[in-house]
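The values are calculated or read from the model by the stated rules, or taken from the named source; none is laboratory data. What you are looking at is a predicted structure, and each value in this text was computed from that prediction instead of being measured. Every residue, glycine among them, receives a Cβ derived from its backbone with ideal geometry; neighbour counts consider all protein chains shown. Note: accessible area is taken over every heavy atom of the protein model, side chains too, but ligands, DNA and RNA are not part of it. Shrake-Rupley method; radii C 1.70, N 1.55, O 1.52, S 1.80 Å.
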Amino acid sequence: MDNSPSATIGAAMNSQAHQLSEKKLRKAKEKAIEMVLFVAALSAVATTVAIVAILMYEASGFFEHVSIVEFLTNTQWTPMFVNPQYGILPLLSGTLVTTGVALAVAVPIGTIVAIYLSEFAPHAVRETVKPFLELLEGVPTVVYGYFALMLVTPLLQVFMPDLPGFNMLGPGIVIGIMIIPYVSSVSEDAMRAVPMSLREGSYAMGATRFQTAVNVVLPAAISGVLAAFILGISRAVGETMVVAVAAGQQPNFTWDPREPAATITAYIVQVALGDLPHGSIPYQSIFAAGLVLVLMTLVFNVLGHLLRRRFREAY
Amino acid sequence: MQAQEIQTLRALIARHKRYDILFGVIGLLATLVGVITLLALFIDLLMDGYARVTPEFFTNFPSRRAEQSGILSAWVGSALVMLVTVFAAVPMGVAAAIYLEEYAPRNWVTDLIEINVTNLAGVPSIVYGLLALGLFVYILDFGQSILSAGLTLALLILPVIIVATRESLRAIPIAIREAAYALGATRWQMVSQHLIPYSMGGILTGVIIGMARAIGETAPVITIGALTFIAFLPPLPYTIDPATDQVAGLFDWLFSPFTVLPIQMFNWVSRPQPAFLQNAAATGVVIIVATLGMNALAIWLRYRIRKNLKW
């Protein structure tokens, strides 16, 4: 009975069907895993959407009470006063001044470091120095804040006796040092992407290393170098703890880096430290300030990435 | 050519060669600015704070008296927040990276995800704090808790982990994938049995760098409302709280108020008394040893991986 042809065929078909269902199961499992991975990847989009949604939602509550015109033109930012005023200009000026000081430090030094590491440094020097620069990027910002307050500002006061203990100059310089590794590594990448043949051509014409670096490599890599500066700006604008610790947390509409002031980020920290009731206007005001911050950094980031892509496609 | 012309030409060449040497020196000095700053920073902190880094400093709660203050609640808080961050960020980041590198079709959805990952890496950290304040603290009602902080920092370091994982996946030659397929492996079998084990070192490097960044982050954790003065520890699972006489559940600590090391430092640095500034410096030493140690470990790991590549 068992050896009859029909039974054998039946068993074969059975096992085939079994195989088929197993294959189906495997396919379904594969599909399910792919879906899970896809959802994880989608979290990046969800985060962006959530950031925009939350900021817009809370800021819209803020703008119901404060007109946008007042927000953008008033030169007083006093949310905690009895008669509160909400003009973003003092925070904006604080942010721009510290960023400006930071750039004045980071742009020249960062560029020189990049040229040096890409064109001049012997292999051994580069391999030793780069990990140190990476470490510099890893130092927590609150420690940099302490550094600005306790070491850089007192040092500056030796040369500028009138400098107050809280000022924008010290934190600005420290932020500049902080973003040097970032500026230099992005610019160095751009310079290394310049083809060797350009350098060889320059050397063949009798140019020295320095002449080649400044007249050939730097112009060829300029969009990448500019991208480094712009991404550096975006970092400096978003930097929080250094200014919160060392710049005085006093909104102050001034362009003088020697004065104390608050930045957008420092204001957010200051308000968050005091326990504000959920839904109050000062509570909503930090989201309005955050919205301005996001818009600023977004513009710089997009600009930076566009420039960066240009140098990648150039050769 | 006349002797005089040769003379001027030689002078010109010599001058330009001098520029070369000069720039070499300037470049080295500029590069050393970073190294010197790092050293100055560390020495400054150490000189101000080394006297306070004692065993008691790690076992005492913060107090109004600077000499008796310690960082017990801060380092426990940091450790627990990091625990949440790792459990949230690593699976999420690795999964996202695997999708983008191995599964994603070339279409607009993938482009959108890519743009977002790049862009999120450039969003200031305090903005993550605002997101978390609105989303985790109030909408999801996790409160100003360890859970909220851990998830916030997880979102913050997600791009770091994604980028590191993708780089190490990309370094695996295509032949490995083809060999697995040729033996009849499905895509997930290929990924889970080959790609993930081979890229483990690179992923680990990314995770360590991400953690080092998260442990030093201050602004977003302040924004969600971490307290600056905490003189108790989160409830240990299954222990009895003497104040309320209730047994703590397994996950109660997730919803506990907390503080972290950088916030403790920020709190002390904001006080005028020099004794508290000393405490701040000591806390700074602890933070910097932790972050620099982790970063150095990651750099060393990457160097080793580069040396021991199998292909």
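Quick look at the values:
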| quantity | calculated |
| --- | --- |
| Taking all pairs of distinct alpha-carbon atoms in chain B, Kirkwood radius in angstrom | 23.0 |
| Förster radius 35 Å - calculated FRET efficiency between B:LEU32 and A:LEU306 (Cβ-Cβ, nearest 0.05) | 0.55 |
| Convex hull of Cα atoms in region B:118-232, direction-averaged projection (nm²) | 9.3 |
| The protein assembly as shown: C-alpha gyration tensor shape, a/c 1.5 cut-off, then a/b vs b/c | oblate |
| Per-peptide average of other Cβ atoms within 10 Å, ordering B:35-48, B:251-264 highest first | B:251-264, B:35-48 |
| Chain B, accessible surface, carbon-and-sulfur percent (1.4 angstrom probe) | 67 |
| Convex hull projection area averaged over all views, region A:82-155, Cα basis, nm² | 7.8 |
| Debye-sum result for region B:3-51 in log10 I(q)/I(0), which assumes one identical scatterer on each alpha carbon, at q = 0.16, 0.17, 0.28 Å⁻¹ | -0.62, -0.65, -0.92 |
| Size of the A/B contact, given as accessible area buried on both chains, probe 1.4 Å, in Å² | 6600 |
| Value at 222 nm in deg cm²/dmol, rounded to 500, when DSSP H runs of n ≥ 4 in chain B each add -39,500 (n - 2.57) | -22500 deg cm²/dmol |
| Highest to lowest packing among B:175-182, A:189-196, scored as the average C-beta count within 10 Å | A:189-196, B:175-182 |
| Anchor A:LYS24: aspartates and glutamates whose Cα lies under 19 Å away (excluding residues fewer than 8 positions away in-chain) | A:GLU34 |
| Directionally averaged shadow of chain A, computed from the convex hull of its alpha-carbon atoms, nm² | 30.0 |
| Gaussian network model of chain B, springs between alpha carbon atoms under 10 Å - residue of B:THR118, B:THR218, B:THR283 with greatest fluctuation | B:THR118 |
| Candidate aspartates and glutamates for bridging to B:LYS307, where Cα separation is under 17 Å - those fewer than 8 sequence places away on the same chain excluded | A:GLU127, B:GLU167 |
| Shape category assigned to region B:22-98 from the gyration tensor of Cα positions, a/c cut at 1.5 | oblate |
| Net +/- balance of residues flanking A:LEU96 in space, Cβ distance below 14 Å, scoring K and R +1, D and E -1 | -3 |
| Å² of accessible area per residue within region B:8-121, as computed with a 1.4 Å probe and no ligands counted | 54 |
| Averaged over A:146-155, number of beta-carbon atoms from partner chains that fall within 10 Å | 4 |
| Order by protection proxy (mean Cβ within 10 Å, highest first), peptides A:282-293, B:195-206 | A:282-293, B:195-206 |
| Ellipticity estimate at 222 nm from DSSP helix runs (n ≥ 4, -39,500 (n - 2.57)) divided over chain A, nearest 500 | -24500 deg cm²/dmol |
| Three-way shape label, region B:55-107, alpha-carbon gyration tensor, a/c 1.5 | prolate |
| Sequence of B:ARG18, A:ARG209 when ordered by accessible area, the most exposed leading, probe 1.4 angstrom | B:ARG18, A:ARG209 |
| Debye intensity ratio I(q)/I(0), log10, region B:1-153, q values 0.10, 0.17, 0.20, 0.21 Å⁻¹ (C-alpha model) | -0.74, -1.15, -1.22, -1.25 |
| Accessible-area order (highest first, 1.4 angstrom probe) of the listed residues B:ARG187, B:ARG52 | B:ARG187, B:ARG52 |
| Gyration tensor (Cα) of region A:106-196, equivalent ellipsoid semi-axes in angstrom | 31, 13, 11 |
| Region A:89-314 - percent of accessible surface contributed by carbon and sulfur, probe 1.4 Å | 65 |
| Euclidean distance between Cα centres, region A:173-206 to region B:26-105, Å | 30 |
| A:SER21 accessible area, assembled protein chains, probe 1.4 Å, Å² | 60 |
